Amino acid sequence: MKKMLVLLAVIAFVATSALVAVADNGPAEIKMSLKKMGVVTFDHAAHQALDACAVCHHTDGYEKCGSCHGVDPNVIKSKDAFHKQCKNCHKEKGGPTKCKGCHIK
């Protein structure tokens, strides 16, 4: 009986840990409205399946990009960071590289 209770406790712990890990992946989709270039809809869920989070979230806390980029004058602006990171990856992996491939007016 004790073995069964321990087994159930372990299963409950593992299941809860898995749910927390899955739930902490951020939004499935991110929309960025840009004044001149329209809306960029970023399929966060699809990109998570392609690469490790740390490839884009290069900080330990996985903060939103705008928490540093475009705020801290010592950090590259959001636009420049996105264009460098995203376009280079898209060139390597076959994603869109032209403006209208991401920016929808």
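The values are calculated or read from the model by the stated rules, or taken from the named source; none is laboratory data. Not measured: the values here are computed from a predicted model. FYI the Cβ positions are ideal-geometry reconstructions off the backbone, even for glycines, and counts take in every protein chain you see.
When the residues of segment 73-105 are narrowed to those that are modelled with pLDDT of 90 or more, part of a loop (DSSP other than H, G, I, E, B) and of a type in the set (D, E, K, R), which ends up nearest to residue 27 (Cα to Cα)? By that ranking, first place goes to 77. Does segment 35-43 include one or more residues that are over 12 Å from the mean Cα position of the chain (by Cα), loosely packed, with under 14 Cβ neighbours inside 10 Å and without any contact (Cβ under 8 Å) to a residue 12 or more places away in the chain? Checked segment 35-43: at least one residue is over 12 Å from the mean Cα position of the chain (by Cα), loosely packed, with under 14 Cβ neighbours inside 10 Å and without any contact (Cβ under 8 Å) to a residue 12 or more places away in the chain.
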